[in-house]
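Down below is the structure, laid out as structure tokens.
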Amino acid sequence: MADTYDAKAYRPGVGIMLLNAKGLVFVAQRIDTPGAWQMPQGGLDEGEAPAQAALRELEEEIGTSNAEIVAESRGWLRYDLPPALQRSFRGGRYRGQRQKWFLCRFLGDERDIDLGHDKHPEFDAWKWVPPAELPRLIVAFKRDLYRALLDEFAPHLGPRKGGRV
């Protein structure tokens, strides 16, 4: 049976699984939710291509777009917000988010990451973690999405082969 849903009920956006040379994944702690870690994500601007949005979101959220896109999710992944968050998220217009995800390799060094780069920072701490830790770190309502990403991107995970370390 096909997965049908009302796309207008889900805010369109992108997410980025950013890997360093060792194959660890970038996660950051949300300022508004201490203890809540996530990968960078954000909305699509009008007329913006998802790949372009992914690099823009990296720049806005972590201060660098020094990355290359390695893979893109086959389809759009989505999650539902808990009812209490649905009412406050974007004026209650959305049930959740639907996202195109990108696996990217970080090409810079840790000095390139600046969470205070944007005048409205979303994160106050960051770290690199093994991919298998992602479902444990993320809020419960995004856990299935993160597991699906790990399955889909599994062939590309691991340390960088050749090139800089």
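So in segment 99-132, with the set limited to residues that are among the acidic types (Asp, Glu) and surrounded by fewer than 16 Cβ atoms within 10 Å (Cβ to Cβ), which one is modelled with the lowest pLDDT? The extreme case among them is 118. Number of residues in segment 63-93 that are at pLDDT below 90 and crowded, with 16+ Cβ neighbours inside 10 Å equals 6.
Looking at the structure I just gave you, is residue 44 of a type in the set (A, V, I, L, M), modelled with pLDDT of 90 or more, over 23 Å from residue 132 (Cβ atoms) and within 16 Å of the chain's Cα centre (by Cα)? Yes; evaluated as a whole, the condition is true for this residue.
The values are calculated or read from the model by the stated rules, or taken from the named source; none is laboratory data. Here the structure is a predicted model, which is why all the values come from computation and not from measurement. Here Cβ is always computed from backbone atoms with ideal geometry, including for glycine, and neighbour counts include all displayed protein chains.
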